[in-house]
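J.: Let me begin by handing over the structure; questions about it come next.
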Amino acid sequence: MPEIQFPAPLLANETVLLRPWRETDVPAIAMAFSDPVTQQFSWTEAAAYTEDDARDHFASLEPARLRGEAVQFALVEQRRENDVLGSVSLYDINLEQGRAATGYWLAPQARGRGVMSTAVRLLAHWGVRELGLARIELTCGPDNEPSQRVAARCGFVREGVMRSHMSFKGGRRDTVIFSLLPDQLRW
C-alpha cells in the first residue's frame, strides 16, 4: 500500500488547522488522556495513560502513514498551532476498497465549541476528494453521546450496534457503527 501524503496546503478553515503531530506535542497528548472523559471513551486499557504511552503513540504515527494504513492530525486553532485541542485521524485505510475509519478526541478546554465537527468535515472532504474514499466508518461506545452528536452533525448515518465488538478496559464492549458516504457529508 502506498504511503499517505499529508495534504498541501494543510487542512484548515478560519478557525482550525489540522497539522502533523510533533514530538513537542507529546505532553499535550498525555495531559488530554489524563482527563476522566478522555479516559472513559478513548483509552481502551484499564491502566492509567502515561507520558510513555503518549511517546509510544507518537512513535507509531509516521510508520503507519508510510505504510498507507493511517494518517493522524493534531487539531489546533488556526492562529495558535502549538496549542493542541485534540486529534482526528483516518485509519484502517483501504484505498483499493475506497474505505477508511475515522477517530477523534478532544482536550477538555476544546469541548462544546464545534471544533471537532469542523475537523471531521475537513478530513472527510479531503478523504473523499483526494484519497477517493467512498465510505468512511466511525465507531464509538454506545454511551459516548458527544461522539455520536459529532457523527450526526457531519452526516454520518448510524448503522447499528456491533455486540461485544472489542476488548475494552479488561472486558468487552459493544460498539455503535456509523458510516458516511460522499453525498451525505454536511457542512
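A short reminder: the numbers here are calculations on the coordinates, not readings from a lab. The structure displayed is predicted, hence computed values, not measured ones. Here the Cβ positions follow ideal geometry from the backbone for every residue, glycine too, while neighbour counts run over all protein chains shown.
J.: Report relative contact order for the chain in percent, whole number only (criteria: Cα-Cα under 8 Å, sequence separation at least 6).
T.: Answer for the chain is 19 percent.
J.: Same structure, new question: Can you give the local net charge around Val176? Use residues other than it whose beta-carbon is closer than 9 angstrom to its beta-carbon, Lys and Arg +1, Asp and Glu -1.
T.: With Lys, Arg at +1 and Asp, Glu at -1, the net is -1.
J.: Counting helices only, and only those DSSP H runs with n ≥ 4, report the 222 nm mean residue ellipticity of the chain as the sum of -39,500 (n - 2.57) divided by its residues, in deg cm²/dmol to the nearest 500.
T.: For the chain, the value works out to -9500 deg cm²/dmol.
J.: Still on this structure, please answer the following. Using only the Cα atoms of the range 72-166, build the gyration tensor, take square roots of its eigenvalues as a ≥ b ≥ c, and label the shape rounded, prolate or oblate: rounded if a/c is under 1.5, else prolate if a/b is larger than b/c, else oblate.
T.: Values: a/c = 1.95, a/b = 1.21, b/c = 1.61.
Taking the square roots of the gyration eigenvalues as a ≥ b ≥ c, the range 72-166 is oblate.
J.: What is the sum of charges around Ala110, taking Lys and Arg as +1, Asp and Glu as -1, for the other residues whose C-beta is under 10 Å from the C-beta of Ala110? Intermediate results must be reported in sequence, preceding the final value.
T.: Numbers: positive: Arg111, Arg113; negative: Glu77, Asp83.
With Lys, Arg at +1 and Asp, Glu at -1, the neighbours total 0.
J.: With a 10 Å cut-off between alpha carbons and a GNM built on the chain, which of Ser147, Ser117, Ser60 moves the most?
T.: Ser60
J.: Report the label-to-label distance for Val161 and Glu14 in nanometres (one decimal), using points 7 Å from each Cα along the Cα→Cβ vector.
T.: Output for this residue pair reads 4.2 nm.
J.: Hey, another quick one. Cα centroids of the range 1-34 and the range 136-183: how far apart, whole angstrom?
T.: After rounding, the separation between the Cα centres reads 22 Å.
J.: If exposed GluC sites (Glu not before Pro) are those in a DSSP loop with at most 11 other Cβ within 10 Å, what is the longest stretch of the chain that has none?
T.: 97-187
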